[in-house]
Amino acid sequence: MVVANNKISLVRERLKYFDSLPLNQEDFRDNNNQLSERKGFFARDFGMEQWDWPQGVAIYGLHLEGPLNDEYIKQWATEEINKGLPTKNVNTICPLLTLVDYPEYENMALEWMKWIEREFPRTDENGLQHITSGIDKFTVKENRQQIWVDTLFMTVLFMGKMGVKYDNQAWREDAIEQMLLHCKYLLNRKSGLFYHGWNFEEQSNYGGNFWCRGNSWITIGIPLFLEIMKGYLAKSLEVYLLNLYNNQVKTLLDLRSKDGLWHTILTDATSYTETSGSAGIIAGILLGIKNDFLTIQLSEEVINDLISSLTAKIAEDGTVLGVSAGTPISCNAEDYKGIVQMPMVYGQAMILLALSIAKSLKEKEIK
């Protein structure tokens, strides 16, 4: 297996100094010359000088490399805490998936976990309502009675991790319940793919779109959940989740585009191929191989091709190209296709995640 270590280093260092990249806001303006969320403009998403899901995914990718990035991660957390933490919501929980591993942030992690347990807004059937940051970090967007696939990575993994770390059965059971509930309402049984969200009030999966990055949260999320919860899941539940994972991967492999990546609408070849979601999918596939979760036998040639398709998106300075900006849920597939593509911190992180797993898989084979 070929893993370009120099590429990993370039991507990592670009992530750490990402805020030096220029942001051309003109790409996000609508017909009324207003910055538009429908084109992917969310102020929290650009650079590392925020505390939200893009930065949470970023430090998770760095953390996967081991102690190499500990100093950077702790410095980032300290600076953001000193600025004042944002409102608690699905996305702002994401950094704690990493920070819970550092003793300095133990009390914070416990405080936020107890908030999830006692105060997190719930939908029908006790789902975690997909509340997100609002117009600034001190306000919340309610997304009433909605569950989104993103929640599984951003919040549920943290819940499971806390339940295991503190041997809290209620927290573990809530994490399992959320995983099952989201799969119940977001899975398309015919294809094995997952919808972006579900609205209990409208009884709707919106437009029934199979969004690439959304599906990647499942492809990487299920193997990570199985890792985190090892020894705490009934065998029947493990089998159920592994079946979901393998059915999805089988379909995804059939949907790869000519450049080796996946279209932002997975089943729409007229939509652009998208790097961050593709990286998440490949990371999930590689993690499945590493842990013997994947039942499909992939040749070394196919595995190398998956990795090469990602490294082809890394510019000479380490910038990851072809990443879609923040993506609100929509009934209209054209809205997904209209999201601006540009370098984003989570694009760096998801490539780093995939290449780091590839590197560990190679080391496992050598041993």
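The values are calculated or read from the model by the stated rules, or taken from the named source; none is laboratory data. Everything quoted here is computed from the prediction, not taken from an experiment. A quick note on method: Cβ atoms are made from the backbone with ideal geometry, for glycine too, and the neighbour counts reach across all protein chains shown.
Computed values, structure above
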item: Residues satisfying the stated conditions in the stretch 145-167, i.e. assigned to a loop (DSSP other than H, G, I, E, B) and of a type outside the set (A, V, I, L, M); result: 145, 150, 166, 167
item: Cross-chain or 6+ apart pairs with Cβ under 7 Å, the stretch 148-160 first and within 16 Å of residue 98 (Cα to Cα), then charged (D, E, K, R); result: 159/174; 160/172
item: Output for the stretch 11-41, where each listed residue is modelled with pLDDT under 65 and buried (at least 21 other Cβ atoms within 10 Å of the Cβ); result: 40, 41
item: Residue that is nearest to residue 228 (Cα to Cα) [pool: residues in the stretch 100-139 that are aromatic (Phe, Trp, Tyr) and in contact with a helix residue (DSSP H, G or I) (Cβ under 8 Å, 6 or more places away or on another chain)]; result: 102
item: Residue match in the stretch 101-124 (condition: among the small types (Gly, Ala, Ser) and under 26 Å from residue 210 (Cβ atoms)); result: no
item: Which listed residue, of 260, 288, 338, is surrounded by 19 or more Cβ atoms within 10 Å (Cβ to Cβ) and in contact (Cβ under 8 Å) with a residue 40 or more places away in the chain; result: 288
item: Output for the stretch 134-144, where each listed residue is in a loop (DSSP other than H, G, I, E, B) and either surrounded by 16 or more Cβ atoms within 10 Å (Cβ to Cβ) or under 19 Å from the mean Cα position of the chain (by Cα) (or both); result: 137, 143
item: Filter pass, residue 276 being within 25 Å of residue 177 (Cα to Cα) and either among the polar types (S, T, N, Q) or more than 20 Å from the chain's Cα centre (by Cα) (or both); result: no
item: Residue 348 being surrounded by fewer than 19 Cβ atoms within 10 Å (Cβ to Cβ) and among the polar types (S, T, N, Q); result: no
item: Selection within the stretch 286-324 - more than 12 Å from residue 216 (Cβ to Cβ), of a type in the set (S, T, N, Q) and not in a helix (DSSP H, G or I); result: 291, 295, 297, 299, 319
item: The stretch 54-97: number of residues that are part of a helix (DSSP H, G or I), without any contact (Cβ under 8 Å) to a residue 40 or more places away in the chain and of a type in the set (Gly, Ala, Ser); result: 1
item: Scope the stretch 42-57; condition touching a Ser or Thr at 6+ places or on another chain (Cβ under 7 Å) and either at pLDDT below 90 or at positive phi (or both); matching residues; result: 44
item: Top-ranked residue in the stretch 320-367 [being at pLDDT 90 or above and of a type in the set (Lys, Arg); ranked as nearest to residue 211 (Cα to Cα)]; result: 337
item: Qualifying residue in the stretch 122-133 (condition: in a loop (DSSP other than H, G, I, E, B), surrounded by 16 or more Cβ atoms within 10 Å (Cβ to Cβ), over 16 Å from the mean Cα position of the chain (by Cα) and at positive phi); result: no
item: When residues of the stretch 267-285 are limited to those that are part of a helix (DSSP H, G or I) and aliphatic (A, V, I, L, M), the one surrounded by the most Cβ atoms within 10 Å (Cβ to Cβ); result: 279
item: Looking only at the stretch 291-319, and only at residues there that are over 19 Å from residue 214 (Cβ atoms), within 20 Å of the chain's Cα centre (by Cα) and of a type in the set (A, V, I, L, M, F, W, C), the one that is surrounded by the most Cβ atoms within 10 Å (Cβ to Cβ); result: 307
item: Qualifying positions in the stretch 98-107 - in a helix (DSSP H, G or I) and either touching a Leu at 6+ places or on another chain (Cβ under 7 Å) or more than 18 Å from residue 53 (Cα to Cα) (or both); result: 103, 104, 105, 106, 107
item: Test: residue in the stretch 190-206 that is assigned to a helix (DSSP H, G or I) and touching a helix residue (DSSP H, G or I) at 6+ places or on another chain (Cβ under 7 Å); result: no
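Residue-wise test of (1) touching a residue at least 60 places away in the same chain (Cβ under 8 Å); (2) buried (at least 20 other Cβ atoms within 10 Å of the Cβ); (3) more than 18 Å from the chain's Cα centre (by Cα).
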position: 173; (1), (2), (3): no, no, yes
position: 189; (1), (2), (3): no, no, yes
position: 195; (1), (2), (3): no, yes, no
position: 200; (1), (2), (3): yes, no, yes
position: 223; (1), (2), (3): yes, yes, no
position: 238; (1), (2), (3): no, no, yes
